[in-house]
Amino acid sequence: MSVNVDPEIDELRQLLEAQLQLHTDELSTLTAAGADPADAGEDPQTVTERITAASQAVADTTAALARIAEGTYGRCERCSGVIPAARLAILPRARRCVPCQARG
Ligand SMILES: [Zn+2]
């Protein structure tokens, strides 16, 4: 028994896994800097904003990997429309299609 995996999806999965690792590392570094911003020579406000952005990236990337596992990857979470491959190539963790993203 074998599972057929679309080579393009498999490539994206590997890319997402690499990005997840990067964002997770970034988050640990930022969290360490956030614990003592003065010592890290960082503006506390900037560190907080970057921690928020990195947390969001980790969450989105994890969610994208879960959607690949479920077979629902590439669908907009709002309208269920297909997210164009060109958009996924730029932002593999995209949760929404461009029109839905633009509507906020
Ligand atoms: Zn949509």
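Helix 44-70 sits at what angle to the longest principal axis of the chain, using alpha carbons and giving 0 to 90 degrees rounded to 10? Rounded to the nearest ten degrees, it is 20.
Evaluating kT/(6 pi eta Rh) at 37 °C and 0.692 mPa s, with the Kirkwood radius of the stretch 4-104 over Cα pairs in the Stokes-Einstein relation, gives 222 µm² s⁻¹.
Counting only alpha carbon atoms, the long axis of helix 7-35 and the longest principal axis of the chain meet at about 10°. Considering helices alone, the calculated mean residue ellipticity of the chain at 222 nm is -22500 deg cm²/dmol, with DSSP H runs of length four and up weighted by -39500 (n - 2.57) and normalised per residue.
In this structure the amide hydrogen of Arg78, modeled in the peptide plane, comes within under 5 Å of the amide hydrogens of Cys97, none closer than 5 places in sequence on its chain. Over the chain, accessible surface divided per residue gives 65 Å², non-protein components excluded, 1.4 Å probe. Measuring only protein heavy atoms, the 1.4 Å probe finds Leu12 accessible over about 30 Å².
Suppose a student asked you for the relative contact order of the chain, using Cα pairs under 8 Å spaced at least 6 residues apart; what percent would you report? Once divided by the residue count of the chain, the mean separation gives 24 percent.
Protection proxy ranking for 46-52, 98-104, using the average of other Cβ atoms within 10 Å per residue and placing the highest first: 46-52, 98-104.
Computing the accessible area with a 1.4 Å probe over protein heavy atoms, can you report the carbon and sulfur percentage for the chain? Here it works out to 55 percent.
The values are calculated or read from the model by the stated rules, or taken from the named source; none is laboratory data. Nothing here was measured: the structure is a model prediction, and the numbers come from that model. Positions of Cβ are backbone-derived with ideal geometry, glycine not excepted, and every protein chain shown enters the neighbour counts. Quick note on the areas: whole protein, heavy atoms, side chains included, nothing else; ligands and nucleic acids left out. Shrake-Rupley method; radii C 1.70, N 1.55, O 1.52, S 1.80 Å.
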